[in-house]
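Asks: Take a look at the following structure, please.
Computed from the coordinates by the stated procedures, all read-outs in this text should not be read as laboratory data. Computed from a predicted structure; not experimentally measured. Please note: Cβ atoms are built from the backbone with ideal geometry, for glycine as well, and neighbour counts cover all protein chains shown.
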């Protein structure tokens, strides 16, 4: 029987590529989405026997519970969880509203914690599991204008270490990826002058690709990574060392 991999925010961007790569590695892949139903349906339609999509908002605890209940009902409780869903509300802290701060923290950090809590139910029974949290280079080095986002991503790194210690004896690893500047729709929209400035800071001399991140994630989900836990793997071209 195939192992089930759940990727939150898996209908687009980095999450979508992680889903594609894990599909090629033999996992039954479930992607979570909140609003991108067209993209989610297209992903499933290409291999409906080995793919599934489930809608829930990772910032809403009740919605998360409903989503996991649906997976359990369909015998799709995850062996692998990739906490990828995330948003940002960029502004100087003095201009950030409480609502924006709460939305970012609840989506990026609290949502990952709650999804992990629910996913562990099946992992602990099976005495095997993989949890990969998608953080960010800015969670390590900071970035002006992104206080809430940086706090949420730094929090994921600390959460990874704590949970890794709790569940290591049950055959479950918990690791973190910290991507740098990755070519996505968001970075494509940046001013060319800003992109040029960013490239000067990256020793490898290029932006990362979603494939760079997805391949690292697939490794952490594999048997080959069974002796790695509590780690943060930097996928940033040398931007932060």
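Asks: In deg cm²/dmol and to the nearest 500, what is the mean residue ellipticity at 222 nm of the chain if only DSSP H runs of at least 4 residues count, each as -39500 (n - 2.57), divided by the residue total?
Replies: Mean residue ellipticity at 222 nm (helix-derived): -13500 deg cm²/dmol.
Asks: Another question, then. Ratio to report: Rg/Rh of the stretch 88-183, with Cα atoms as the point set and Rh obtained by the Kirkwood method; give two decimals.
Replies: Value, to two decimals: 1.04.
Asks: Turning to a different aspect of this structure: So, by mean Cβ neighbours within 10 angstrom, what's the order for 143-153, 39-49, 75-85 with the highest one leading?
Replies: On the way: 143-153: 19.2, 39-49: 13.9, 75-85: 24.0.
Those peptides, ordered most packed to least, come out 75-85, 143-153, 39-49.
Asks: With a cut-off of 8 Å between alpha carbons and a minimum separation of six or more residues, what is the relative contact order of the chain in percent?
Replies: Relative contact order of the chain: 19 percent.
Asks: Another one. Considering the Cα trace of the stretch 1-125, what is its radius of gyration and what is Dmax, both in angstroms?
Replies: So, for the stretch 1-125, Rg and Dmax equal 14.8, 52 Å respectively.
Asks: While we're looking at this one, here's another question. Taking the chain as the reference, fit the longest principal axis to its C-alpha atoms, fit the long axis of helix 210-220 to the helix C-alpha atoms, and give the angle between the two in degrees, 0 to 90, nearest 10.
Replies: Roughly 50 degrees between the two axes.
Asks: Let me ask something else. Give the residues of the stretch 141-158 whose amide nitrogen is closer than 19 Å to a point set 7 Å from the Cα of residue 103 in the direction of its Cβ.
Replies: Correct set: 145-153.
Asks: Please quote Rg/Rh for the chain to two decimal places, taking the Kirkwood radius as Rh and restricting both calculations to Cα atoms.
Replies: Values: Rg = 17.1 Å, Rh = 18.0 Å.
Computed over Cα atoms, the ratio is 0.95.
Asks: Taking the Cα atoms only, what angle lies between the long axis of helix 111-126 and the longest principal axis of the chain, rounded to 10 degrees?
Replies: 30
Asks: Here's a follow-up. If each residue's Cβ is checked for other Cβ atoms within 10 Å, how do 141, 1 rank with the fewest at the top?
Replies: 1, 141
Asks: Same structure, new question: Which order do the peptides 196-206, 5-15, 50-60, 125-135 take when ranked by the mean count of other beta-carbon atoms within 10 Å per residue, highest first?
Replies: Order by mean packing, descending: 5-15, 125-135, 50-60, 196-206.
Asks: Using a Debye calculation, one point per C-alpha and no hydration shell, please list log10 I(q)/I(0) for the stretch 63-137 at q = 0.11 Å⁻¹ in order.
Replies: Log10 of I(q)/I(0), two decimals: -0.36.
Asks: Between the helical axis of 147-167 and the dominant principal axis of the chain, each derived from Cα atoms, what acute angle in degrees is found, rounded to the nearest 10?
Replies: On a 0 to 90 degree scale, this one is about 40.
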